[in-house]
Amino acid sequence: MARKPAASPPQPIGPAPTLESTPVLLVAGDDDFGIQQRGRQVWDSWQKSAEGLDHEIIDGTAANSGEALRAIGRLREALQTLPFFGGPKLVWFRACNFLGEDRTGSSNAVTEELSRLADEWKTFKWTGVRLLITATKPDKRRAFFKTIDRLFLVEILVALSSDDNDWPAKAEAEAIRYCRANRCHIEDEALGQLVSRVGPNLRLLHSELEKLSLYSLGRESITTADVEAVIARQKTSRAFALGEALGDRNLAKALKTLDEELWEIRAKVDRSKSEIGLLYGLISKIRSLILTRELARMGYLKPASHFAAFKSQLEAIPPDQMPQDKRYNPLLIHSYVLFQAARQSRNYQTPELVLAMERLLEANRKLVSSSADEARVLQQVLVEIIGVPAARPR
């Protein structure tokens, strides 16, 4: 018996859809703020190009399967209802939260209803009708997602994460876009400090930029002084506060920050923190100070008062001239961290930094292999590295 040829996967009808041509656009992912912003941008763009008045926004948020089924019913009804005044029909199914693997989305009734809806859309006459769906992270194995991905257009937005090496650049780009849209200007160094303090959180970044623009109203630019006055350090930034005090060679600030960190550890406010983790943070800071001094000695870095000028120097360094070990490759460190280190490295001489690494190594041995009090070990090593300020003459 002759074998039947394998069925080929279904192919999109006609040319691949674009944002301008697709009748259906799904914007989804785990970046809630980005999805909200993108949805509003697309909806406003569609409304400007459409002359009709019968545009509908349907709430797609559901707490259970019953609410999800009712939302799907309202969506189906909106698509099948002709515009009262004629012209194109726009529908926004907003904040849908049952396309993923949560309890509501995994309900058999919801899954089957979404599959039926996807089948209807395969033969639906989309002439004059456009649908925008904004949703949480979808389950890509479901028939509903596969249909939209094959026939229409999908945009998946991923939230910024500290695990992403490019998040600072993405956050800076978003901050610049915000400033241009709101006709304000932020200095390069202030931009780097802002991103460093806020961390990988675009929603919070927008909120802080709004505060900064109001605080600096009537002046030419947002400065580092504005950032320091208005923006509080978030969790990701507070993790580096002890190292920053060490780099600034500010013993009082370093000991105060150490006390705050130790209190959080003992009170178990943040279970990811530990005394040995604080020590490793100090080691990382001293290493970055040494690396920037070496880059300056080799002629790759020159004193730069602005972040943009410093960053351009970093980008001009030949990558093949740097070590392969990530711990010793300065090009793999966030550029603003290096910018801070280059400025702070002037507070120490190279022999002092080498000696600091030796003292940190000795502190590491005490924390790991002895019963010495952790707080006392860390306090002592900070005093030894930074040094006690000379007394002022009376």
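Conditions (1) in a loop (DSSP other than H, G, I, E, B); (2) within 24 Å of the chain's Cα centre (by Cα); (3) of a type in the set (A, V, I, L, M); (4) on the phi > 0 side of the Ramachandran plot, marked per residue:
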position	(1), (2), (3), (4)
ASP320	no, no, no, no
PRO323	yes, no, no, no
ARG343	no, no, no, no
ALA356	no, no, yes, no
ARG365	no, no, no, no
ALA372	yes, no, yes, no
Where THR257 falls short, out of the listed (1) surrounded by fewer than 18 Cβ atoms within 10 Å (Cβ to Cβ); (2) assigned by TED's automatic domain parsing to the domain that holds SER369; (3) of a type in the set (Ser, Thr, Tyr)
(1)
Can you pull out the residues in the range 270-287 that are over 12 Å from VAL354 (Cα atoms) and assigned to a helix (DSSP H, G or I)?
GLU275, ILE276, GLY277, LEU278, LEU279, TYR280, GLY281, LEU282, SER284, LYS285
Being more than 14 Å from SER288 (Cα to Cα), in contact (Cβ under 8 Å) with a residue 40 or more places away in the chain and of a type outside the set (A, V, I, L, M, F, W, C) is the filter here, so list the residues in the range 317-375 that pass it.
ASN364, GLU374
Are there any pairs, at least 6 apart or on different chains, whose C-beta atoms fall under 6 Å, with the first in the range 77-88 and aromatic (Phe, Trp, Tyr) and the second modelled with pLDDT under 85, and if so, which?
PHE84/ASP54; PHE85/LEU53
Please tell me if ARG376 is out of contact with any helix residue (DSSP H, G or I) (no Cβ under 9 Å at 6 or more places or on another chain) and of a type in the set (Lys, Arg).
yes
Give the range 192-209 a look and list any residue that's closer than 12 Å to TRP167 by Cα and surrounded by fewer than 23 Cβ atoms within 10 Å (Cβ to Cβ), or say none.
GLY199, PRO200, ASN201, LEU202
Could you tell me whether ALA316 is surrounded by fewer than 19 Cβ atoms within 10 Å (Cβ to Cβ), hydrophobic (A, V, I, L, M, F, W, C) and modelled with pLDDT under 80?
no
Residues being β-branched (Val, Ile, Thr), touching a Gly at 6+ places or on another chain (Cβ under 9 Å) and assigned to a loop (DSSP other than H, G, I, E, B) - total across the range 124-180
1
Just the residues that are surrounded by 15 or more Cβ atoms within 10 Å (Cβ to Cβ), in a helix (DSSP H, G or I) and within 14 Å of the chain's Cα centre (by Cα), please, taken from the range 210-235.
none
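Taking ILE265 as the residue in question, decide whether it is part of a helix (DSSP H, G or I) and either touching a residue at least 24 places away in the same chain (Cβ under 8 Å) or not assigned by TED's automatic domain parsing to the domain that holds VAL377 (or both).
Here the answer is no, as ILE265 does not meet what is asked.
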Could you check the range 95-118 and list, in sequence order, the residues that are in contact with a Phe, Trp or Tyr (Cβ under 8 Å, 6 or more places away or on another chain), farther than 13 Å from GLY66 by Cβ and aliphatic (A, V, I, L, M)?
LEU99, LEU114, LEU117, ALA118
Any pair with Cβ under 9 angstrom, 6 or more apart, that starts in the range 113-135 at a residue that is over 23 Å from ASP54 (Cβ atoms) and assigned by TED's automatic domain parsing to the domain that holds ARG74 and ends at one that is among the hydroxyl-bearing types (Ser, Thr, Tyr) and surrounded by 15 or more Cβ atoms within 10 Å (Cβ to Cβ):
SER115/THR147; ALA118/THR147; ASP119/THR147; LYS122/THR147
Picked from the range 105-115 (must be touching a helix residue (DSSP H, G or I) at 6+ places or on another chain (Cβ under 9 Å) and in a helix (DSSP H, G or I)), the residue surrounded by the most Cβ atoms within 10 Å (Cβ to Cβ) is VAL110
Considering only the range 81-104, I want to know if a residue exists there that is farther than 23 Å from ILE156 by Cβ and surrounded by 19 or more Cβ atoms within 10 Å (Cβ to Cβ).
yes
Select, from ALA159, ALA135, ALA169, ALA173, the only residue that is surrounded by 15 or more Cβ atoms within 10 Å (Cβ to Cβ), closer than 24 Å to HIS334 by Cα and either among the hydrophobic types (A, V, I, L, M, F, W, C) or within 19 Å of the chain's Cα centre (by Cα) (or both).
ALA159
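Does SER207 qualify as being more than 22 Å from PHE339 (Cβ to Cβ), of a type in the set (Ser, Thr, Tyr) and within 15 Å of the chain's Cα centre (by Cα)?
yes
The values are calculated or read from the model by the stated rules, or taken from the named source; none is laboratory data. On a predicted model such as this, the values are computed, not experimentally measured, just so you know. FYI the Cβ positions are ideal-geometry reconstructions off the backbone, even for glycines, and counts take in every protein chain you see.
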